[in-house]
Amino acid sequence: MYAAYFGLREPPFAITPDPSYVYPSRHHQEALAHLLYGTDEDGGFVQLTGEVGTGKTTLVRALLEQRLDGVDIALCLNPRLTVEELLAVVCDELGASYPREHQTLKPLLDALNEHLLRTHAAGRRTVLIIDEAQNLSREVLEQIRLLTNLETAKHKLLRIILVGQPELRRLLARPDLRQLAQRITARHHLSPLDSRETAAYIDHRLRIAGGRADLFTSGARRAVHRCSGGIPRLINVISDRALLGAYSQGVRRVTAGTVRRAAREALRGEGTGGRMLAFWQALQRMIPIRPAVPKPASDGARKQRVRPWLALGTGLAGLGMIGFGFWLSHAKPPPVDPTPSPVVDPAPSQPPTTTSAGPVPASAASAASDPLALVSLLRRFREDDTNNRLLAVWGVTQTPGAGAAFCEWVKTQDLRCLTGRDDWDMLRRFNRPAVLRLTINPGGIPTAALLRTLKGDEATLEIAGQAVTVPLAQLAPLWTGQYLLLWRPQIDLLLIGPGNTGEAVRWLRRRLALAADQPSPEPLSATFDSALGKQLRVFQQDNGLQPDGLAGGRTLVLLNNLTPTPDTPALDQPAQDR
């Protein structure tokens, strides 16, 4: 409902466990490292716990997105099973055949053990992940313990990861389950986000959805943290309702007051009563009505009482405000702004246009030297199809169909989106054409333009198929710092970190050696170890990235630049050379 109004590609605060929205807080990075450890060669029994809504299931989905080399994963999402049912689920997930009729324990165990031995001989590892593990029965937990006995002389055949709420810790602390608890080799409890992380979390999700980082005021971010306690799921629920509230009020930014009203409606029930209460409290802030404050008196003197007439007046005023609030709560929301942002247009409809489309019009030529002319040109062509033009730069002539999410669709072209909020220096480092989110003042009209080249103190934009070169000083006041660029992965793994093994790790070692102007070590280890993590952090710090020791999209783009493929467009190339 509100996505187009705020220029969003999609609602940014959906509560589904979408791995693309994972916010890499310190706690979440540590949790993901524990999950990766559980899939490693020496991984054993891992326990991950956290309060409801802290993002455990989302991290599991992020792990599955890793496409770990040589790893087979069985995922159990419904742990309220008998022992036989659990083993049948594991066999089904792994593709192990077993007798379908008259399921008993021994045939299931034999089938699973035979499958595990076969995959181990083929050099593959098998991992069982059980979500909502706090619901496991005592009998099933005992069987899980026995599954850890499936092993060779040197290796466990089955690695197990238990994911659950804090009750899981209390469950495994029971004396009769101490044998199972003793086998757990790694534990991590996922904590809620603090105030700073909550603000960064909100910005992160807005950025992924293509929205402006300033949609929430600083006070609104603090209010979200106070109302949610830093629980990501509650942050999503409150923030989603707050955006809906801002839309219904016809405002462009979410304030602390909007957040508080959203939290009351989302967390304490909805309906007319909740809306009336919200309006009553909002109007109280606009027209404060307070009881009489007693004047300072000597020790032992009684405090003055509120005069009856003032109390009566307060009550009558309150009734009037409630009636006014009831009227407002039934008012129709304002119409949606029909001008969505080109950066996040989910369903481009016009074919891409190249810069060879005819001579530059006079308005474009004058925009190169006149700031007002540039603003006028941007306002005139703010519906220009920048996403499809960006595809054309990469040689992609197809366009997403109606209703397709742009960044999902580009995966079919072996491309990936990278969005963020950075400065000119970081765009130079990425060296990719990008769609820039711009704001035309006055009025804050959202628009976008395709950045084709960036050289020295000048940028060349493509507007309505025409190339316009403008000074950065002229463009800087209009650019929000947000961008969307495309890149083509050179490896299958899009997040490399502790626990990963295989060719992607070797590729990372080669690139880091090249960046350091050193020869690649031989033989190349396929395991991500602490030494490699240290090299990666040095590279990230040298290139203006957060040194988190995880090679994600931003890091991979910079590593790709060390040996770019011939068809990769770049900002430092003239448009006609592409």
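The values are calculated or read from the model by the stated rules, or taken from the named source; none is laboratory data. What you see is a predicted model, and the numbers here were worked out from it, not measured in a lab. Glycine also receives a Cβ, built like all others from the backbone with ideal geometry; neighbour counts cover every protein chain displayed.
Taking the criterion of being surrounded by 15 or more Cβ atoms within 10 Å (Cβ to Cβ), over 28 Å from L427 (Cβ atoms) and either touching an Asp or Glu at 6+ places or on another chain (Cβ under 7 Å) or modelled with pLDDT of 90 or more (or both), would at least one residue in the range 505-522 satisfy it?
Looking through the range 505-522, at least one residue is surrounded by 15 or more Cβ atoms within 10 Å (Cβ to Cβ), over 28 Å from L427 (Cβ atoms) and either touching an Asp or Glu at 6+ places or on another chain (Cβ under 7 Å) or modelled with pLDDT of 90 or more (or both).
I want to confirm something. Restricting to the range 16-32 and keeping residues that are outside any loop (DSSP other than H, G, I, E, B) and in contact with a helix residue (DSSP H, G or I) (Cβ under 6 Å, 6 or more places away or on another chain), which single residue is nearest to T54 (Cα to Cα)?
If we take residues in the range 16-32 being outside any loop (DSSP other than H, G, I, E, B) and in contact with a helix residue (DSSP H, G or I) (Cβ under 6 Å, 6 or more places away or on another chain), then A31 is nearest to T54 (Cα to Cα).
Determine which member of the set A14, A4, A33, A62 is crowded, with 20+ Cβ neighbours inside 10 Å and either outside the structural domain of R437 (by TED's automatic domain parsing) or among the acidic types (D, E) (or both).
A62
Taking the condition of being under 20 Å from E51 (Cα atoms) and either in contact (Cβ under 8 Å) with a residue 60 or more places away in the chain or not basic (K, R) (or both), how many residues in the range 138-180 meet it?
Counting residues in the range 138-180 that are under 20 Å from E51 (Cα atoms) and either in contact (Cβ under 8 Å) with a residue 60 or more places away in the chain or not basic (K, R) (or both) gives 12.
From the list R67, R118, which one is within 21 Å of G38 (Cα to Cα) and free of Cβ contacts under 8 Å to residues at least 40 places away in the same chain?
Answer to the check: R118.
Could you say which residue among N135, N113 is modelled with pLDDT under 90, over 22 Å from Y21 (Cα atoms) and not β-branched (V, I, T)?
Going through N135, N113 in turn, the sole match is N113.
Would you confirm whether or not the range 45-59 contains a residue that is surrounded by fewer than 18 Cβ atoms within 10 Å (Cβ to Cβ) and closer than 21 Å to E408 by Cβ?
Checked the range 45-59: at least one residue is surrounded by fewer than 18 Cβ atoms within 10 Å (Cβ to Cβ) and closer than 21 Å to E408 by Cβ.
Based on this model, can you work out whether L436 counts as surrounded by 23 or more Cβ atoms within 10 Å (Cβ to Cβ), modelled with pLDDT of 65 or more and more than 29 Å from Q546 (Cβ to Cβ)?
No: the conditions fail for L436.
Would you be able to tell me the number of residues in the range 200-214 that are among the aliphatic types (A, V, I, L, M) and closer than 17 Å to Y483 by Cβ?
4
Checking the structure you have, find out if any residue of the range 544-557 is surrounded by 14 or more Cβ atoms within 10 Å (Cβ to Cβ), over 20 Å from the mean Cα position of the chain (by Cα) and modelled with pLDDT of 85 or more.
The answer is no, given that none of the residues of the range 544-557 is surrounded by 14 or more Cβ atoms within 10 Å (Cβ to Cβ), over 20 Å from the mean Cα position of the chain (by Cα) and modelled with pLDDT of 85 or more.
Which of (1) in contact (Cβ under 8 Å) with a residue 40 or more places away in the chain; (2) of a type in the set (S, T, Y); (3) farther than 28 Å from L438 by Cα is the odd one out, the single condition S520 does not satisfy?
(1)
Which one is nearest to G533 (Cα to Cα) among residues in the range 493-513 that are over 20 Å from the mean Cα position of the chain (by Cα) and in contact (Cβ under 8 Å) with a residue 60 or more places away in the chain?
Per the criteria, the residue is P498.
Report every pair of residues separated by at least 6 positions or lying on different chains whose Cβ atoms are under 7 Å apart, first residue within the range 243-255 and under 9 Å from Y2 (Cβ atoms) and assigned by TED's automatic domain parsing to the domain that holds R222, second of a type in the set (D, E, K, R) and part of a loop (DSSP other than H, G, I, E, B).
Listed by first residue and then by second, the contacts come to A246/R253.
Considering only residues that are without any contact (Cβ under 8 Å) to a residue 40 or more places away in the chain and assigned to a strand (DSSP E or B), look in the range 459-474 and name the one that is nearest to D423 (Cα to Cα).
Looking at residues that are without any contact (Cβ under 8 Å) to a residue 40 or more places away in the chain and assigned to a strand (DSSP E or B), I get A459.
Restricting to the range 465-504, what's the tally of residues that are in contact with a Lys or Arg (Cβ under 8 Å, 6 or more places away or on another chain) and more than 30 Å from L59 (Cα to Cα)?
4
Any chance the range 199-206 includes a residue that's closer than 27 Å to C417 by Cβ and either assigned by TED's automatic domain parsing to the domain that holds H115 or over 16 Å from the mean Cα position of the chain (by Cα) (or both)?
Checked the range 199-206: no residue is closer than 27 Å to C417 by Cβ and either assigned by TED's automatic domain parsing to the domain that holds H115 or over 16 Å from the mean Cα position of the chain (by Cα) (or both).
Please return the ranges of helices (runs of 4 or more DSSP H) entirely within the range 478-565 where 3 or more residues are in contact with a Ser or Thr (Cβ under 8 Å, 6 or more places away or on another chain) and not assigned by TED's automatic domain parsing to the domain that holds E408.
Qualifying helices (runs of 4 or more DSSP H): 503-515, 530-542.
Within the range 181-216, how many residues turn out to be touching a residue at least 60 places away in the same chain (Cβ under 8 Å) and of a type in the set (F, W, Y)?
1
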